[in-house]
Amino acid sequence: MPIHKYCLLIPALLVVGGMLLGADAPPYDEKADARHDLSAAIAAAGQAHKNIVLVFGANWCPDCRALDAQMHKAELASLITGNFEIVKVDIGRHNKNLDLAKQYKVPIAHGIPALAVLDSGGQLLYAMDQGQFANARSMSYESIKEFFEQWKPKK
């Protein structure tokens, strides 16, 4: 296995951008049915008056793991839980769920993770189209938090 200059795979551990992540807890369920998960999120968001965030990525992607780690920090996790339904969409090796990325105008060729924000009815509000989070390992926690603050539903 080649060693990427930004991450080092060690048995049961993954070091990404100085953060230690458990390799046994990958952020993306590779067997998930993304369309089913999205339908469930739309139903839940409609009842709870939340927006939906589609997070396109893959377990092999260190930036995807870095974003996931940031999203689990207490303050941001609270913001997300109170305002969003999150649907993680596994793109595999750029060979899965590409139709969903296209449907929501997310050109994953510009990099992952890539996010789309939908309203509580499933209508597209915003799609990352320039790889804005593709360097999540280098992004500040505050800039990621600002994104979620900007797209929380107007209540």
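The values are calculated or read from the model by the stated rules, or taken from the named source; none is laboratory data. Since this is a predicted model, take the numbers as computed values, not measurements. Here Cβ is always computed from backbone atoms with ideal geometry, including for glycine, and neighbour counts include all displayed protein chains.
Taken as a whole, the condition of being more than 20 Å from ALA58 (Cα to Cα) and either touching a Leu at 6+ places or on another chain (Cβ under 8 Å) or loosely packed, with under 12 Cβ neighbours inside 10 Å (or both) does not apply to LYS105.
Please go through the range 77-102 and give me each residue that is acidic (Asp, Glu) and either surrounded by fewer than 18 Cβ atoms within 10 Å (Cβ to Cβ) or over 14 Å from the mean Cα position of the chain (by Cα) (or both), ordered by number.
Within the range 77-102, just ASP99 meets the criteria.
In the range 124-155, what residues are of a type in the set (Phe, Trp, Tyr) and assigned to a helix (DSSP H, G or I)? TYR141, PHE147, PHE148, TRP151, listed by residue number. At pLDDT below 95, hydrophobic (A, V, I, L, M, F, W, C) and assigned to a loop (DSSP other than H, G, I, E, B) - does that describe any residue in the range 59-71? Looking for residues that are at pLDDT below 95, hydrophobic (A, V, I, L, M, F, W, C) and assigned to a loop (DSSP other than H, G, I, E, B), one finds none in the range 59-71, hence no. Here GLU30 clears all of (1) part of a helix (DSSP H, G or I); (2) surrounded by fewer than 16 Cβ atoms within 10 Å (Cβ to Cβ) except the condition numbered (1). Only one of the numbered conditions (1) part of a loop (DSSP other than H, G, I, E, B); (2) over 19 Å from ALA34 (Cα atoms) is violated by LYS105, and that is (2).
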